[in-house]
Amino acid sequence: MLTAADDSPDQHQKLIDKLQIFKVRGRDKRGHKILLVVGKFLPARIVSAESLNKYLAEKIFPKLGDRPFSVVYVHTNVERTENFPGISGLRAIYDAIPTAIKENLESVYFLHPGLQARLFLATFGRFLFSGGFYGKLKYVTRLEFLWDLVRRNEIEIPEFVYDHDEALEYRPMMDYGLESDHPRVYGAPTMDSPVQAIILAGRRYGNGRGLRGSKHSYG
């Protein structure tokens, strides 16, 4: 992998391509092309917003053509210090997207959002992005819900995403930021906080779905 010293635009382009952060592959259930973005693969401390914009303009946007498309953004295991380009970088990337591409975007399926991501977007999303773009954002808490939206056999999801999804089934508090993702014996019951105990009680004695609501809710 490159270090911060390997700072030439050409090296950045090669790194982005090698890591396969962006892929245009498969279609959603409405027949639209899918742009897959894996946030964990983005070395935000090394690659600049300018390099990302150049790569998208030259390698990704031409593949989308002039027809509607959807984005599947995989937020699984993203670390703010390593994978987040910062508010100014995020804004620079968004501003550089051509108007035609923004207009053709139908939906952004945000997989495994987590509490911090939801809070960030609820606080800054409308300031960073246009209302139209923000309104296309759909949270998808589990892979099983994603398969209701995209053609499963046409999209390649990294293995670590499946592992994380399985862990969430055993430790649902990770969805709400009430439990860390450090290794734990899945069968052992835990009560890390009074809030967690209350939520678990609601899931057990209420409607069986807790804060997640209906099984067919994507947020």
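Taking the criterion of being within 13 Å of the chain's Cα centre (by Cα) and not in a helix (DSSP H, G or I), the residues of the range 122-147 that qualify are L137, K138, Y139, V140, T141, R142. Taken over the range 104-128, the criterion of being open to solvent by 30 Å² or more (accessible area, probe 1.4 Å) and at pLDDT below 95 is satisfied by L115, Q116, R118, L119, F120, A122, T123, F124, R126, F127.
In the set (1) more than 15 Å from the chain's Cα centre (by Cα); (2) of a type in the set (D, E); (3) open to solvent by less than 70 Å² (accessible area, probe 1.4 Å), the condition left unmet by D165 is number (1).
Put simply, of I87, I46 the only residue that is at pLDDT below 95 and farther than 29 Å from L168 by Cβ is I46.
So, in the range 22-62, how many residues would count as being charged (D, E, K, R), more than 24 Å from E79 (Cα to Cα) and in contact with a strand residue (DSSP E or B) (Cβ under 7 Å, 6 or more places away or on another chain)? Number of matching residues: 5. The residue pairs whose first member lies in the range 129-143 and is more than 13 Å from V72 (Cβ to Cβ), whose second member is at pLDDT 90 or above and charged (D, E, K, R), and whose beta carbons are closer than 7 Å, counting only pairs six or more residues apart or on different chains, are F133/K102; R142/D165.
Only one of the numbered conditions (1) within 25 Å of G26 (Cβ to Cβ); (2) part of a helix (DSSP H, G or I); (3) not aromatic (F, W, Y) is violated by L119, and that is (1). Within the range 129-144, the residues that satisfy the criterion of being surrounded by 14 or more Cβ atoms within 10 Å (Cβ to Cβ) and at pLDDT below 90 are F129, F133, Y134.
Take the range 1-31 and flag every residue that is within 24 Å of E159 (Cα to Cα), part of a loop (DSSP other than H, G, I, E, B), open to solvent by less than 70 Å² (accessible area, probe 1.4 Å) and modelled with pLDDT of 95 or more. Passing the criteria: only I21.
The values are calculated or read from the model by the stated rules, or taken from the named source; none is laboratory data. Not measured: the values here are computed from a predicted model. Glycine also receives a Cβ, built like all others from the backbone with ideal geometry; neighbour counts cover every protein chain displayed. Accessible surface areas use protein heavy atoms only, side chains included; no ligands, DNA or RNA. Shrake-Rupley method; radii C 1.70, N 1.55, O 1.52, S 1.80 Å.
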